Amino acid sequence: MATVSGVAGGGMPDSGGSGTELAGREPTRKEIRMVIAASSAGTVFEWYDFFIYGTLAVFISQAFFPSGNATLSLLLTWAGFAVGFGFRPLGAILFGYLGDRLGRKYTFLVTVTLMGVATAGVGLVPSAESIGITAPIIVLLLRIAQGLALGGEYGGAAIYVAEHSPPHRRGFFTSFIQASVIGGFVLSLLVVLFCRFIIPEEAFREWGWRVPFLLSIALLGISLWMRLKLSESPVFLAMKEEGGMSKNPFIESFTYPRNKRRIFIAMFGVACGLTIIFYTALFSSLSFLKGPMRVDDTTAELLVGFASLTACVFFVYFGWLSDRVGRKKPIVWGYAVTLVVLFPAFWGIAALANPGLAASARTAPVTITGPACDYDPFASVQDTSCGQLLADMTAIGIPYQVEAGATLSLTTGNSAFDLDSAGEAGADRRVAITGWLATHGYNLEKQVPPRINLAGIFVILVGLGALSGATFGSVAALLSEMFPPRIRYSSMSIPYHIGTGYFGGFLPLIAGYIVARTGDIFAGLWYTWALLVVALIVAWWGLPNGPPRDFADEIA
């Protein structure tokens, strides 16, 4: 039973054979390269399909979630983004069960197919202007399908590579699966940039943004072609031959001795922390540059894209390093360093991305004074005059302070904006406020920072990406080692996707809500910081010290 109780096992890709005759030996370099390449490529394409929604969030909000409140439209779009993540745990349960019962290979063939079809579907949905509320409903249903598919994809690809890997190189080999996640994000940015380059701006806003979604059909074809060349996992084949398969992997995940403890550690100590850093480094930084910092969209996308691509090296490096120093050290130290540098990193990005705007915020801070200054980001129309002014300022996207007072006013320094002559809340008043702010040094036009500043931002983004690599690079190996093979697909997928789906998937929505409520463009980072404290405590307490251990050694 050595093949079943450990992770390592032989096996290799073939042209349709079972691979059973090879289950007793370690795969050759050529064979393991094919396993990693096919699994990683499928993961890149699947995460591309998932991330393209976030990359094109502004256009999706205009097409499917139109509203008189621009902030509400974007928050509803991020809510749709979060819905996909919210259904990942259900996908983990469903496809985890199938993966432990029917096999690793065929399960992630199903998940990648479902993802590709659902993504292409988003590109075909008519706008809300054409079919009304049916449009956002269809989009949300397609996001649910994407979430279900993603819930089954990661576990299948990670386990498949882990179960083909020799124990002393498991962290290194599986790190390519981890890097593939960031590869999907980079691919989504590159495709969007290419489409914007070849499609005129007006046409891109009208219909061109749909093209990246439709391209998922081509990526699906490539992924299926590569994965059909793979054989089943040798560990699964050995279990099947020896009758060691679980009758109900979902139930057994919670009844297997000490497995609930492992699930708790995997959810709060691993998945929660790594995903919070990952999405802050990628999506929060991109939204921050394109939004409050007013950096040219293409420039921001190139910056984040190339920084993320550079950071892929650190995912592989820390996977390799974990084979030597253990899985715990890179993760715990990555959490600790992130807690220290998170706010300074974004302060640095702000100072470099738009120095003039940052200086204006210091020398001419904006203050809103008035009664009943409550702002509900989810309301189409605010109930009070102060709430309506807050909605306008949030849509403009600069920091402001709120003070209680008897009379409604908008001031900066000794200057007050004439609210009476500006008309009612809405687009026209926002234009007037923007013009008034410009006289006080607030340049709200999109701009490209100087080259030296771009270099500084790039370094900061690569640093955040490196911290993501430290906490993410070895995770596939770690989770594969934590759980018994008979229920491994279910046991690692459930906590991973609950942790990443709810803590990470809701990050843009919750962070955006905090910023909208406070008027502080940095306030959303507190969500990341607080959850990282929890992750650090649980990881420090629960992850095993020392060299990597197979499941047979168990967490002490």
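The values are calculated or read from the model by the stated rules, or taken from the named source; none is laboratory data. Worth saying up front: this structure is predicted, and the values here are computed from it rather than measured. Every residue, glycine as well, gets a Cβ built from its backbone with ideal geometry; the counts of neighbours run over all protein chains shown.
Could you tell me whether Val313 is surrounded by fewer than 18 Cβ atoms within 10 Å (Cβ to Cβ), without any contact (Cβ under 8 Å) to a residue 60 or more places away in the chain, in the same structural domain as Ala57 (by TED's automatic domain parsing) and in a helix (DSSP H, G or I)?
Details: surrounded by fewer than 18 Cβ atoms within 10 Å (Cβ to Cβ): yes; without any contact (Cβ under 8 Å) to a residue 60 or more places away in the chain: no; in the same structural domain as Ala57 (by TED's automatic domain parsing): yes; in a helix (DSSP H, G or I): yes.
The answer is no for Val313.
Every residue, every condition in (1) over 22 Å from Phe254 (Cβ atoms); (2) buried (at least 21 other Cβ atoms within 10 Å of the Cβ), yes or no:
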residue	(1), (2)
Ile487	no, yes
Ile498	no, yes
Phe503	no, yes
Pro508	yes, yes
Gly512	yes, yes
Arg517	yes, no
Leu532	yes, yes
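Are any of the residues in region 120-127 surrounded by 24 or more Cβ atoms within 10 Å (Cβ to Cβ) and hydroxyl-bearing (Ser, Thr, Tyr)? No, region 120-127 contains no residue that is surrounded by 24 or more Cβ atoms within 10 Å (Cβ to Cβ) and hydroxyl-bearing (Ser, Thr, Tyr). Any idea how many residues of region 212-231 are assigned to a helix (DSSP H, G or I) and surrounded by 17 or more Cβ atoms within 10 Å (Cβ to Cβ)? Qualifying residue count for the region: 8.
Within region 287-302, the set of residues being surrounded by 24 or more Cβ atoms within 10 Å (Cβ to Cβ) and in a helix (DSSP H, G or I) comprises Phe288, Leu289, Ala300. Taken together, Phe346, Phe278 contain a single residue that is farther than 18 Å from Phe176 by Cα, in a helix (DSSP H, G or I) and not hydroxyl-bearing (Ser, Thr, Tyr), which is Phe346. The requirement of being farther than 30 Å from Arg429 by Cα, in a helix (DSSP H, G or I) and either modelled with pLDDT under 75 or within 17 Å of the chain's Cα centre (by Cα) (or both) is satisfied by Pro89. Out of the residues in region 357-376 that are part of a loop (DSSP other than H, G, I, E, B) and within 28 Å of the chain's Cα centre (by Cα), which is surrounded by the most Cβ atoms within 10 Å (Cβ to Cβ)? Step by step, filter region 357-376, then rank; the result is Tyr375.
The set of residues from region 40-55 being modelled with pLDDT of 80 or more and within 12 Å of Phe213 (Cα to Cα) comprises Tyr48, Ile52. All conditions but one from (1) closer than 30 Å to Glu403 by Cβ; (2) at pLDDT below 90; (3) out of contact with any Lys or Arg (no Cβ under 9 Å at 6 or more places or on another chain) apply to Leu357; the one that does not is (3). If you filter region 322-350 down to residues that are farther than 19 Å from Gly273 by Cα and either crowded, with 20+ Cβ neighbours inside 10 Å or not assigned by TED's automatic domain parsing to the domain that holds Gly273 (or both), you find that the one that is nearest to the chain's Cα centre (by Cα) is Ile349.
State whether one or more residues within region 440-457 are at pLDDT below 90, assigned to a helix (DSSP H, G or I) and either outside the structural domain of Lys260 (by TED's automatic domain parsing) or crowded, with 21+ Cβ neighbours inside 10 Å (or both). Walk me through it before giving the result.
Pass one, region 440-457, residues at pLDDT below 90: 440-447.
Filter once more, keeping what is assigned to a helix (DSSP H, G or I): none.
Within region 440-457 (the criterion being at pLDDT below 90, assigned to a helix (DSSP H, G or I) and either outside the structural domain of Lys260 (by TED's automatic domain parsing) or crowded, with 21+ Cβ neighbours inside 10 Å (or both)), the answer is no, since none of the residues qualifies.
Looking only at residues that are at pLDDT 85 or above and out of contact with any strand residue (DSSP E or B) (no Cβ under 9 Å at 6 or more places or on another chain) in region 419-439, which one is farthest from Cys386 (Cα to Cα)? Walk me through it before giving the result.
Residues of region 419-439 that are at pLDDT 85 or above, as a first pass: 419, 429-439.
Still in the list and also out of contact with any strand residue (DSSP E or B) (no Cβ under 9 Å at 6 or more places or on another chain): 429-432, 434-435, 438.
Values: Arg429: 14, Arg430: 14, Val431: 18, Ala432: 17, Thr434: 17, Gly435: 20, Ala438: 22 Å.
Among those that are at pLDDT 85 or above and out of contact with any strand residue (DSSP E or B) (no Cβ under 9 Å at 6 or more places or on another chain), it is Ala438.
Of the candidates Ala530, Ala539, the single residue that is at negative phi, without any contact (Cβ under 8 Å) to a residue 12 or more places away in the chain and part of a helix (DSSP H, G or I) is Ala530. Taken together, the residues in region 365-415 that are in contact with an Asp or Glu (Cβ under 6 Å, 6 or more places away or on another chain) and of a type in the set (Gly, Ala, Ser) amount to 1. Take the residues in region 377-396 that are buried (at least 19 other Cβ atoms within 10 Å of the Cβ) and in a loop (DSSP other than H, G, I, E, B), then tell me which one is modelled with the highest pLDDT. Among them, the one singled out is Gln382.
Report whether or not Glu163 is in the same structural domain as Arg486 (by TED's automatic domain parsing), closer than 17 Å to Thr500 by Cα and charged (D, E, K, R). Talk me through it step by step, then tell me what you get.
Details: in the same structural domain as Arg486 (by TED's automatic domain parsing): yes; closer than 17 Å to Thr500 by Cα: no; charged (D, E, K, R): yes.
Taking the combined requirement at face value, the residue does not satisfy it.
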